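One structure is given below, encoded as structure tokens.
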């Protein structure tokens, strides 16, 4: 592809005390791709996610999103640029309604400034109306429309994962990072979630990077696979090639072989 | 009157603790800064009372930003201790910085402008057939009117998208950050707004007392404010109104229990009764008078 990659990670390091959680990881994510990030437990996948999205301060390296450095930017600034993440343990806001969860994510909302709803009354109302329409149409796509006015805490685990993805999409992201989007989701909902991801890529050209343990999902639904072990990237390529890679087999089985 | 003072004071605490989830235990300190800044500007600098008040509010807000900037990054329990310590520092400073505050001798004479106004207001009321028996009656009317206006303002603010972000921060700050919200800025705004309310409560208190001494700003004031917030229900603004009235009625009403006991024993008994009522209420209605039980259960 001639397009420059949407995300470039170079030699990123993150230490917790003496533990090198991420130890010089480098990779890039191609625009419009669905890329999987895999690796054994403790390989540093979640730490890498946290560093890239600004939730943890990296100790070295470079991170570029859309050609510009986002190294050590705060999480909110990174999210506003169009790189949005979800969490391994869903962070739906239980005591807010499903619709409020969605509206909260609406970007560029003048009413979110202190007194903004009074000072920019007309603009705030207009933005709120737009956001509501967008939110309701997304909720309809994710089969959550009937739940719009329920507390998000009443949703099932799988529905929360769907809501978290739908909520991330309210930000109109160009790159979505999903941390184990299928963990604890029943297979039917899981399939629907994967269909949505592929649909979004096809419709809007949204790029996805996701951490997943289910190898069947990884092999069938991603076009690139990045493999991490002990804080480093040990393989990077098409699913079929990665599956046969010696280093990968070693990393997964190494401890037992 | 004390109920209205506490009401305004607790309104800020509700915004911080109930809506934003930041445990501000330094509210009495912000109130002290507001009241003292007003009094010092009037007495020592000769400012007009009308100019001193807005400037004192700004002082309290600036103090909130200064305290919040380093400490709002801390976990909730550390933040609580930091703000409590801050309030005590303010009280000790007021006690010892005599050239500015006159220490425990107290500061006098900041309320001449108010008395003129109050006197005229009282006469006006008399002319209009409302018989004023107490010279404090105008202050009572003004303080209740203030409470009502501020209550409407804050209750309206938390219902805007701005308030929605605050509620999101209360529940899960990381979720709000992941959705592009600068949570530190929101927490600072919440704290500064609350400090402004504390300063206004401080003005009402100062007008009521006519003499400003540091020990009025004891941390117990904050604790009563927190009791009001919990009694009324976390996040409920109707709760603040009702609970501040109720708690003050309980506290003041128990003064007049007719028991054949020494006055010091009555004084102790008052607090025992108030404490018991609160314990019973928490046992049977843990969400507070106006809190939503469902929200409490869903929020774990």
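Of the helices (runs of 4 or more DSSP H) that lie entirely inside segment B:193-300, those containing 1 or more residues that are more than 24 Å from residue B:15 (Cα to Cα) and at pLDDT 85 or above span B:263-284. Among all positions in segment B:169-177, there is at least one residue which is under 21 Å from residue A:166 (Cα atoms), more than 9 Å from chain A (Cβ to nearest Cβ) and under 24 Å from the mean Cα position of the chain (by Cα). Taken over segment A:94-122, residues that are in a loop (DSSP other than H, G, I, E, B) and closer than 13 Å to residue A:170 by Cβ amount to 5. If I ask for residues that are in contact (Cβ under 8 Å) with a residue 40 or more places away in the chain and surrounded by fewer than 17 Cβ atoms within 10 Å (Cβ to Cβ), which ones from segment A:197-208 would you list? Scanning segment A:197-208 gives A:198, A:205.
Only one of the numbered conditions (1) buried (at least 21 other Cβ atoms within 10 Å of the Cβ); (2) at the interface with chain B (Cβ under 7 Å from one of its Cβ atoms); (3) under 15 Å from residue B:175 (Cα atoms) is violated by residue A:98, and that is (2). Here residue B:147 qualifies as over 25 Å from residue A:54 (Cα atoms), buried (at least 21 other Cβ atoms within 10 Å of the Cβ) and either modelled with pLDDT of 95 or more or more than 7 Å from chain A (Cβ to nearest Cβ) (or both).
The values are calculated or read from the model by the stated rules, or taken from the named source; none is laboratory data. Keep in mind it's a predicted model, so treat the numbers as computed, not measured. As a convention, Cβ positions derive from the backbone with ideal geometry for all residues, glycine included, and neighbour counts pool all protein chains shown.
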